[in-house]
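The values are calculated or read from the model by the stated rules, or taken from the named source; none is laboratory data. Here the structure is a predicted model, which means the values were calculated and not measured. So basically every Cβ, Gly included, is an ideal-geometry build from the backbone, and we count neighbours across all protein chains shown.
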């Protein structure tokens with residue numbers, strides 16, 4: 001057949017490098033509205049749910065039992081189950097109905113009811129719901145800070161730059177698992193150099209992560225994964241109860257934490273039970289609520305390519321974010337992992353969270369080059385900083401970042417690299433050379449960094465973890481190394497664990513260590529000129545991109 005030249009051109013566009021699949025409900029390859037999703041129902045006897053979403057209690061699996069016993073407000077449950085789902089969907093969008101009025105309904109829903117309600121909403125209406133139901137009044141952003149070589153000077157410098165650019169949380173992980181404590185210390189010091197009060201974590205195996213938090217190397221955690229089917233939980237040697245126990249371990253040590261889930265995980269692991277990805281995610285969010293976590297990271301996250309391959313998959317990611325807010329949880333709305341070859345498509349995927357704002361629009365904006373992102377590549381990375389700033393400026397939407405000047409970035413990167421150098425010296429870790437400090441100050445990524453002795457690093461880390469090294473030793477090393485202000489900031493982060501105020505829903509810290517959360521700064525959006533309003537000071541900052549022409553210069 002003679003080909004159309006237009007179709008030949010289109011076939012060479014980046015979008016055709018993405019994978020797409022037609023719906024296959026039997027294996028769960030359907031984002032929303034599976035014919036196998038349960039019909040909402042609930043029956044309560046003697047203060048206990050005895051039937052939920054078409055199942056009698058004797059047929060409950062462990063997830064059903066956990067949700068029925070711990071996740072649903074029983075006072076209104078039977079009344080809500082009988083309400084018209086379209087009416088509830090309209091209430092969620094209605095600016096004349098408050099967030100609290102919606103919570104009176106949504107906290108009494110079953111997973112199938114919430115799934116049915118949100119499936120009645122368009123993508124635009126889901127965004128309208130997010131704008132009203134977000135827990136904290138102001139949106140924020142989180143950065144990924146990693147590198148291919150696990151270089152501490154690079155990590156500290158990148159963390160400092162990220163803090164300067166406006167990220168309120170920063171997360172690292174590892175290329176080599178045993179580097180975790182060193183990486184955690186590096187971004188702790190770097191973040192506090194850039195802007196005191198930034199929360200940090202190191203995403204690794206859960207026991208290791210908890211241990212680092214107890215030593216004071218980290219200040220929050222979010223990689224406590226939950227799943228929507230029993231078999232996937234069992235394959236991971238976990239249950240909703242073990243996750244609840246882990247959540248209490250973090251909280252009792254003063255560490256803010258959130259769970260992680262996302263559409264597509266059960267399909268990816270082969271046990272979707274023929275249900276839609278969104279319905280299974282509803283179960284995950286209900287587990288999170290019942291376990292007592294203050295929030296959740298969801299929006300498909302690391303499984304993004306799975307829902308993105310089927311119809312309504314991107315819409316489903318926004319819908320699952322709305323689920324979390326309907327259960328009064330902090331929402332860190334993903335936008336972190338690369339899933340497409342198309343710049344247009346990756347921007348579209350983000351707009352469902354960027355436009356209404358979520359507690360953390362990205363639960364991992366890669367603040368490093370894509371090749372250095374150890375979270376399997378970022379949907380947004382360091383090369384996109386200026387694009388993000390311009391989109392904020394174009395739409396007058398606060399996406400959490402601020403313009404910076406090159407000279408200020410160089411200065412703060414240098415200070416952070418020197419601070420980690422002093423810390424390593426004080427802790428007796430392998431030296432960070434002046435050459436590494438210089439390279440980290442001006443580098444773009446780990447390709448610009450000299451090599452370290454990996455064996456020496458790993459041996460020193462093992463010895464450090466066998467000792468009782470803690471944040472106290474880090475503070476001493478910083479103070480003795482001439483970085484009193486950074487030492488004070490790290491000390492103040494440890495004080496927050498004792499106070500416990502930042503364990504509240506959607507909490508972040510200001511540079512003066514004041515807590516801003518859903519408790520003292522709740523979202524009160526009800527239409528124009530309500531809710532979060534960009535201040536004149538913030539707007540002037542957002543407008544002031546360094547490369548814009550200044551009329552006074554001409």
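Just so you know, in the stretch 454-504 the residues that are in contact (Cβ under 8 Å) with a residue 60 or more places away in the chain, out of contact with any strand residue (DSSP E or B) (no Cβ under 8 Å at 6 or more places or on another chain) and outside any helix (DSSP H, G or I) include one that is farthest from residue 196 (Cα to Cα), and it is 469.
Of the candidates 20, 7, the single residue that is modelled with pLDDT of 95 or more, surrounded by fewer than 19 Cβ atoms within 10 Å (Cβ to Cβ) and touching a helix residue (DSSP H, G or I) at 6+ places or on another chain (Cβ under 8 Å) is 20. Scanning the stretch 350-365 for residues that are touching a helix residue (DSSP H, G or I) at 6+ places or on another chain (Cβ under 8 Å) and either farther than 26 Å from residue 518 by Cα or assigned to a loop (DSSP other than H, G, I, E, B) (or both) turns up 355, 356, 357, 358, 361, 362.
Against the test of being at pLDDT 95 or above, outside the structural domain of residue 150 (by TED's automatic domain parsing) and more than 26 Å from residue 149 (Cβ to Cβ), the options 543, 476, 495, 484 yield a single qualifying residue, 543. Give me the residue from the stretch 1-32 that is free of Cβ contacts under 8 Å to residues at least 60 places away in the same chain and in a loop (DSSP other than H, G, I, E, B) and, out of that set, nearest to residue 264 (Cα to Cα). Only one residue tops the list, namely 12. Screening the candidates 59, 37 for the property of being loosely packed, with under 12 Cβ neighbours inside 10 Å, closer than 19 Å to residue 286 by Cβ and either in contact with a helix residue (DSSP H, G or I) (Cβ under 7 Å, 6 or more places away or on another chain) or free of Cβ contacts under 8 Å to residues at least 24 places away in the same chain (or both) yields one hit, 59. None of 415, 411 is surrounded by fewer than 24 Cβ atoms within 10 Å (Cβ to Cβ), under 21 Å from residue 160 (Cα atoms) and touching a residue at least 40 places away in the same chain (Cβ under 8 Å) except 415.
Scan 412, 420, 391 and give me the residue that is within 30 Å of residue 537 (Cβ to Cβ), assigned to a helix (DSSP H, G or I) and over 24 Å from the mean Cα position of the chain (by Cα).
412
Being under 27 Å from residue 97 (Cβ atoms) and assigned to a strand (DSSP E or B) is the filter here; which residues of the stretch 509-531 pass it?
516, 522
When 386, 359 are screened for being surrounded by 21 or more Cβ atoms within 10 Å (Cβ to Cβ) and touching a residue at least 12 places away in the same chain (Cβ under 8 Å), only 359 passes.
Considering the stretch 46-56, and only residues there that are outside any loop (DSSP other than H, G, I, E, B) and touching a strand residue (DSSP E or B) at 6+ places or on another chain (Cβ under 9 Å), the residue that is surrounded by the most Cβ atoms within 10 Å (Cβ to Cβ) turns out to be 52.
Scanning the stretch 73-106 for residues that are closer than 25 Å to residue 48 by Cβ and part of a helix (DSSP H, G or I) yields 77, 78, 79, 80, 81, 82, 85, 88, 103, 104, 105, 106. Step by step: first the residues of the stretch 292-320, then only those that are part of a helix (DSSP H, G or I) and touching a strand residue (DSSP E or B) at 6+ places or on another chain (Cβ under 7 Å), then the one that is modelled with the highest pLDDT. Which residue is that? For the stretch 292-320, the residue satisfying everything is 301.
The set of residues in the stretch 328-348 that are within 24 Å of residue 135 (Cβ to Cβ) and surrounded by fewer than 24 Cβ atoms within 10 Å (Cβ to Cβ) comprises 328, 337.
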